[in-house]
Structure formats: structure tokens, C-alpha cells
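Student: My questions will all concern the structure given below.
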Amino acid sequence: PGSTGPWTPLTYPRFERIDNGDLLMEFRIGQSGSGDSWIHRYSSTTGLWSNVGKYLQGEDNNAYINGFSSAGGKLYASWTVRETPTASTNHDFYFAFSEDAGRSWKQTNRQSVALPITPSTPGIKVYSIPQNSEIINQEAQFADDQGRFHALMRDNSTGTALFYHYLRTADGTFSKTAIKAPGLSTPPYLAYRGKIVATGDSVIAVLPDAPKATVQLWAATA
């Protein structure tokens, strides 16, 4: 109640509470390989929804976000882009953050970007990863209390499929580090997704080991 569309074809809804107690709903309008991403906001004061707007727009493709994370007054999103309904066309690692609950967005160096963000928006693509790199869309991300941002994705850009920890420090610097945990199997393509979470000064990766039919937990300190 209180909001305006679009409502269909709506897929992948996500909810995230922001610092003042309001609730954001993020979702895609479109289909695999062609779609845009929108944000609507629920007011904990009035009990009504409002349309914040379209923040990601496809260019005959669509963004698949790893998550929608609120921490320390900021909202974070990271994603890969798919060109067709086929998962092998996923490519690249993108990132943006908002300081006003999704109304405006910035690239990692804090420079504002025009909305809606597209795959060709300058400064949004952080890492170039080609198609056919076995990227799994919608894997995982987390923003911690120290102002750091973490994402978990996999690819075979080195010739071997590996899980990677993407870290953005509070000053906006990114790094991409392979998780070479001893005894962890090579992640099969299109196998189960992992998760990542930070607690205190440590980060924990929850990694499915499909060949061994197990789930493993690995942790690292800062």
C-alpha cells in the first residue's frame, strides 16, 4: 500500500532493514539476460511503501546481485552481468554503494554515478572476468562493522575454478584473493552457492564441497 509499480515480471525479491528501522525491498523486473533492478521502501512510521526507483539497468542484459547489505549507514551491492539466459554468459565483478538508502549511488572511490547504473557506467566494474569463466551469479556478500565489504564468488579465470574473497577496505581499496583452503575440492560449475559473513575482526566463508558432499567453514582474521 502507498507505492507505485512496476510489479511484473518481478523476480528475486530481497529485503534489508536500514538503520532507522525502515525496510527496503530490492527486486528485478525482467528476465534472465534482460532486466532492471528496483528498490521500494517501507516506512516503519507510516506503514506505507514508496518507490525509491530503478538503480540498475540492463543493456540488453541484466545484473545478478550477490546481495543487498546495509551497515554503518551505507547500502552495498555487488554483482555480475549476464548477457543471455545461459549462465555461461556471466561476466565481470561490479560494485556500488549508497549513503542515502538507495536514492543515489557511488563507485568505490566515492565518486557519484548517474542513475540508473548500467554495465558501461564508468568506475562501476572493479574486476574484468570474461564470459565462460564459470561465475555463479548471486553467490554471497557481507558488510561488516568496521566499514569493510566482503563478497564471495568463484571463477576459473586462472584455468582452475576457485572461490575468491573480494575485500573492499574502508578507504575504498579492493583486493581479490583465492581461498586455497587445504582439503577443499575444486568447486564444480553450477554447484551449490557459498556464503560469507564477518564477525568481530574475522571473516567466515561457508563453502559447499560438492564432491565430498560436505559443507566446510573456513575463517581468517584481518
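The values are calculated or read from the model by the stated rules, or taken from the named source; none is laboratory data. Since this is a predicted model, take the numbers as computed values, not measurements. For neighbour counting, all protein chains shown are included, and Cβ atoms are generated from backbone atoms with ideal geometry for every residue, glycine included. Quick note on the areas: whole protein, heavy atoms, side chains included, nothing else; ligands and nucleic acids left out. Shrake-Rupley method; radii C 1.70, N 1.55, O 1.52, S 1.80 Å.
Student: Can you find, within the stretch 39-60, the residue that is surrounded by the most Cβ atoms within 10 Å (Cβ to Cβ) among those that are farther than 15 Å from Pro119 by Cβ and in contact with a Pro (Cβ under 7 Å, 6 or more places away or on another chain)?
Tutor: Out of the qualifying residues, it is Trp49.
Student: So, one more: With respect to Ser3, is the statement that it is open to solvent by less than 50 Å² (accessible area, probe 1.4 Å) and out of contact with any helix residue (DSSP H, G or I) (no Cβ under 7 Å at 6 or more places or on another chain) true?
Tutor: Yes, satisfied.
Student: While we're on this one: Does any residue of the stretch 178-199 turn out to be surrounded by fewer than 13 Cβ atoms within 10 Å (Cβ to Cβ) and β-branched (Val, Ile, Thr)?
Tutor: yes
Student: Residues of the stretch 1-25 being under 20 Å from Asp100 (Cα atoms), touching a residue at least 60 places away in the same chain (Cβ under 8 Å) and outside any loop (DSSP other than H, G, I, E, B), which ones?
Tutor: Across the stretch 1-25, the qualifying residue is only Leu24.
Student: Considering every residue within the stretch 188-209, establish whether at least one is among the aliphatic types (A, V, I, L, M), out of contact with any helix residue (DSSP H, G or I) (no Cβ under 7 Å at 6 or more places or on another chain) and assigned to a loop (DSSP other than H, G, I, E, B).
Tutor: No, there is no match, as no residue in the stretch 188-209 is among the aliphatic types (A, V, I, L, M), out of contact with any helix residue (DSSP H, G or I) (no Cβ under 7 Å at 6 or more places or on another chain) and assigned to a loop (DSSP other than H, G, I, E, B).
Student: If you take the residues in the stretch 127-155 that are on the phi < 0 side of the Ramachandran plot, in contact with an Asp or Glu (Cβ under 9 Å, 6 or more places away or on another chain) and open to solvent by 40 Å² or more (accessible area, probe 1.4 Å), which one is modelled with the lowest pLDDT?
Tutor: Looking at residues that are on the phi < 0 side of the Ramachandran plot, in contact with an Asp or Glu (Cβ under 9 Å, 6 or more places away or on another chain) and open to solvent by 40 Å² or more (accessible area, probe 1.4 Å), I get Gln146.
Student: Further question on the same structure: Can you tell which of Ala191, Ala178, Ala205, Ala161 is out of contact with any Asp or Glu (no Cβ under 6 Å at 6 or more places or on another chain), under 15 Å from Ile136 (Cα atoms) and small (Gly, Ala, Ser)?
Tutor: None of the other options fit; the residue is Ala191.
Student: Quick check, is Val113 crowded, with 19+ Cβ neighbours inside 10 Å and among the β-branched types (Val, Ile, Thr)?
Tutor: no
Student: Taking the stretch 26-58 as the region of interest, how many residues are without any contact (Cβ under 8 Å) to a residue 40 or more places away in the chain, of a type in the set (Val, Ile, Thr) and not in a strand (DSSP E or B)?
Tutor: 1
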